[in-house]
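Comments concern the structure below.
All of the numbers you see were taken from the coordinates with simple rules; none came from a lab. Quick caveat, the model's predicted, so the values are computed rather than measured. Note that each Cβ is placed from the backbone with ideal geometry, even for glycine, and that neighbours are counted across all protein chains shown.
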Amino acid sequence: MSDTTLFSILESSSHPDFSALYRRLGIRQIEFHSMRKVMSELKRQRPDIVVAEFFYGFANNYAGINISNLDVLLFSLQKYAPETRVIVLVEKAEREYVDKLNEIFPLYAVLVQPVQASKLERLLEGKDESDEKQ
């Protein structure tokens, strides 16, 4: 997987650390701790893969206009990097809401937390044909 670039968006402490897996697979990982920095970098380089957590907008600034924390990123990916594979990590309680997002933006895969490194590895290698792959 050399020359593969992965944007890892770490917006919470619950985001698993898969950096050792990415290194082992030869994937160049770029970590971001804010969506603003991701958006800025997206204009400079196109990732092959994005791994990010999904947070549904219940009664916050996402409600009404956006479904989740990922909406703006996904709109931008359509413009700057439409071929990027997006892997979403989600808590079990919010899993049902990811489908709303997937109706608008095709996601590559949705993984329910806690995510096993082996499951993510199969997805990254294109070997996973489970229901989690969209």
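Observations, loosely collected:
- Choice from 71, 48, 17 with maximal GNM fluctuation in the chain (Cα, 10 Å cutoff): 17
- Among beta bridges from DSSP that stay inside the chain, the antiparallel ones total about 10%.
- Comparing 46, 23, 95 in a Gaussian network model of the chain where C-alpha atoms under 10 Å apart are linked, the largest mean-square fluctuation is found at 23.
- Pair residue 92, residue 24: separation of 7 Å Cα→Cβ label points (nm): 2.5 nm
- Counting all C-alpha pairs of the chain, share separated by more than 18 Å (%): 51 percent
- Among 19, 118, 76, the largest mean-square fluctuation in a Gaussian network model of the chain, built with springs joining Cα atoms closer than 10 Å, belongs to 118.
- Net charge over other residues, Cβ less than 12 angstrom from the Cβ of residue 76 (K, R count +1; D, E count -1): +2
- Residue 113 long-range amide H proximity, modeled H, under 5 Å: 90, 91, 92
- Total charge dipole magnitude, the chain, about the Cα centre, Cβ charges on Lys, Arg, Asp, Glu only, Debye to nearest 20: 460 debye
- Cross-link partners for residue 79 among the lysines, with Cα-Cα distance under 25 Å and sequence neighbours closer than 8 places in the same chain left out: 37, 43, 100, 133.
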